[in-house]
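Input: a single structure, listed below in structure tokens.
Readers should treat all values here as calculations from the given coordinates under stated rules, not as data from a laboratory. None of the values given here were measured: they were computed from a predicted structure. Because the Cβ atoms are built from the backbone with ideal geometry, glycine has one as well, and the counts that use them run over all protein chains shown.
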Amino acid sequence: MEHTHERFPEYLAFILNNPIRRFLQPPEQLVGKLDVTSSDVVVDFGCGPGFYTIPLAKVARKVIGVDVSSKILEKAANHARRNGLHVEFLESDGVDIRLDNGRVDVILLVHVFHEVEQKSRVLSEFLRILKPLGRLVVVEKTRGSGIFPGKLGPPTVSETGIVQEITRAGLTIAKTIPHRKDSIIIGRK
């Protein structure tokens, strides 16, 4: 899979986490499909301003939000504080994630995998930080087109291509779950 979609612009972060989006697309619906438990350590990779980070922090033991943008991480941290939740935040593009080996139960990427430029290196880093039997959850739009195809929102990508990347990295595909126009692809270490 090639990098064919521009990185989401920071100045549009308000689109990713606002009351209207939370009403129309409650993040809890997706989080509820992930079988996250109160003993799990979860990395929300490409967390943006925290749309999924906050619902994850309400069910997991620990959540670590990771993003390439320090400005967007500040927004996510403010969102977590407003919700009275403790979340750890790290700035990283995924090539080097400052976490110990085998520390994480679940790594979640929502509409982010298509933006990862060095997929094999990032997947290798994910494998390093995942616990044995840890899960990588990739959510990407695999069906339909948006209101403004190619402009706002994630591009439509190939589910097969994502599965190939994940299995080539050494993960086993546990299952794929449809969610709206997305596919939730779960790989297990």
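When Arg168, Arg135 are sorted by how many other C-beta atoms sit within 10 angstrom of their C-beta, beginning with the fewest, the order is Arg168, Arg135.
Aspartates and glutamates near Lys119 by alpha-carbon distance under 12 Å, same-chain residues fewer than 8 away left out - which ones? In chain and number order, the partners are Glu2, Asp93, Glu165. Computed from point charges on the beta carbon alone (+1 for Lys and Arg, -1 for Asp and Glu), the dipole magnitude for the chain about its Cα centre is near 520 Debye.
3J(HN,Hα) along segment 49-60: x, x, 4, 9, 4, 5, x, 5, 5, 7, 10, 8 Hz, from the Karplus curve 6.51 cos²θ - 1.76 cosθ + 1.60 with θ = phi - 60°, whole Hz, x for Gly and Pro.
Once C-alpha pairs closer than 8 Å and six or more residues apart are averaged by separation and normalised to the residue number of segment 31-188, the relative contact order reads 18 percent.
Excluding same-chain neighbours fewer than eight residues apart, the lysines reachable from Lys33 by a Cα-Cα span under 22 Å are Lys58, Lys62, Lys131, Lys141, Lys175, Lys181, Lys189. Placing unit charges on each Cβ (+1 for Lys and Arg, -1 for Asp and Glu) gives the chain a dipole about its Cα centre, and among Phe89, Asn101, Gly187 the Cα reaching farthest toward its positive end belongs to Gly187. The residue list Thr156, Ile20, Asn78 was ranked by how far each Cα lies along the charge dipole of the chain toward its positive end, using unit charges on Cβ atoms, and Ile20 comes out on top.
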